[in-house]
Amino acid sequence: MKQSLMDIICCPLDKQELELDATETEGDEEVISGTLTCTECGETYPIEDGIPNLLPPDMRDVEA
Amino acid sequence: MEDAETERREVRATYDYIADHFAQTREYAWPEVEEFVDDAPYAAVALDLGCGNGRHAELLADHADRVLAADASRGLLDTARERAAERGFDADLVQADAARLPVRDRTVELAVYVATLHHLPSRAARVGSLDELARVLVPEGRALVSAWSTAHEKFGRTEGFDTTVDWTLPGGETVERFYHIYSPAEFRDDVAESDLELVDFEVSSGNCYGVVRPAGE
């Protein structure tokens, strides 16, 4: 995801701002992996292979 | 009946499972969506909610500085990424729940929410999702919302109902997806119940289409 996306996205639960912790980046703008953390509720959302997973926690894992 | 949260996770997991085959069968943008996007003013930020393989994000890319392409299924987002690379359009991909959008208030000028609302398994979730769309739209923003309708010839019913629709994979395996099939009147009622209002409504190719804007703006 692009760093500039931070201006548009928010926590899906309380709509508060997120803080980006990038662990892998490409160039200046592209975040490949890292974590987004809600500055209010503290919920964390992973960025996996360049795509942020902003599903609420109760939607994340299930077997097909 | 399983609880609603389980049902929603399962719809997402099913699309992860069928993503590649599903994407192959969704090559072209729908004409109703093309018409809506063509008529819309150029936007700073556009949203394709329930983007699937990104066929409508591709349309929006010519009408906006930035396109946010959101889907609950990571498998489908991967197909959208491939399509964007092959066809040379740009979209910001986000894995998200249509009923709890991770998008700030009043950021989106133009949105399409196509063939996705009907996968939410309760009226509360569907109306809540329309509320979310209203929240993220700017006051003068416009969105096109579509859902499968009882007007489709295969249903032959007049009242809205819940059902499952099979998807058949190339090997013959079938998987089920939850759908709520809308009657046109019920679709209008759900929009009216939400923070959106209808600007235009039609039934076309067995789908309800509503052009909407935030209510009271």
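Miscellaneous remarks
- Total residues in the range B:5-44, condition at pLDDT 80 or above and in contact with an Asp or Glu (Cβ under 6 Å, 6 or more places away or on another chain): 2
- Qualifying residue in the range B:74-86 (condition: under 19 Å from B:ALA192 (Cβ atoms) and under 16 Å from the mean Cα position of the chain (by Cα)): no
- Within the range B:43-56, residues that are within 13 Å of chain A (Cβ to nearest Cβ) and free of Cβ contacts under 8 Å to residues at least 40 places away in the same chain sit with their Cβ atoms under 9 Å from residues that are among the aliphatic types (A, V, I, L, M) and assigned to a loop (DSSP other than H, G, I, E, B), at 6+ positions apart or across chains, in these pairs: B:GLY54/B:ALA91.
The rows are residues; the columns are (1) under 16 Å from B:ARG74 (Cβ atoms); (2) under 12 Å from the mean Cα position of the chain (by Cα).
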residue	(1), (2)
A:ASP21	no, yes
A:THR25	no, no
A:SER33	yes, yes
A:ILE51	yes, yes
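- Top-ranked residue of the range B:90-112 - restricted to ones that are among the charged types (D, E, K, R) and more than 10 Å from chain A (Cβ to nearest Cβ), ranked as surrounded by the fewest Cβ atoms within 10 Å (Cβ to Cβ): B:ARG106
- Residue check for B:ALA115: surrounded by fewer than 22 Cβ atoms within 10 Å (Cβ to Cβ) and away from every other protein chain (no Cβ under 12 Å): yes
- The set of residues in the range A:6-24 that are free of Cβ contacts under 8 Å to residues at least 12 places away in the same chain and not hydrophobic (A, V, I, L, M, F, W, C) comprises A:ASP7, A:LYS15, A:GLU24.
- Listed here are the strands (runs of 3 or more DSSP E) enclosed by the range B:119-217 that have at least 3 residues being closer than 22 Å to B:ALA96 by Cα: B:137-148, B:174-181, B:207-214.
- Within the range B:79-89, considering residues that are more than 8 Å from chain A (Cβ to nearest Cβ) and in a helix (DSSP H, G or I), the one surrounded by the most Cβ atoms within 10 Å (Cβ to Cβ): B:ALA80
The values are calculated or read from the model by the stated rules, or taken from the named source; none is laboratory data. Quick caveat: nothing in here was measured; it's all calculated off a predicted structure. Because the Cβ atoms are built from the backbone with ideal geometry, glycine has one as well, and the counts that use them run over all protein chains shown.
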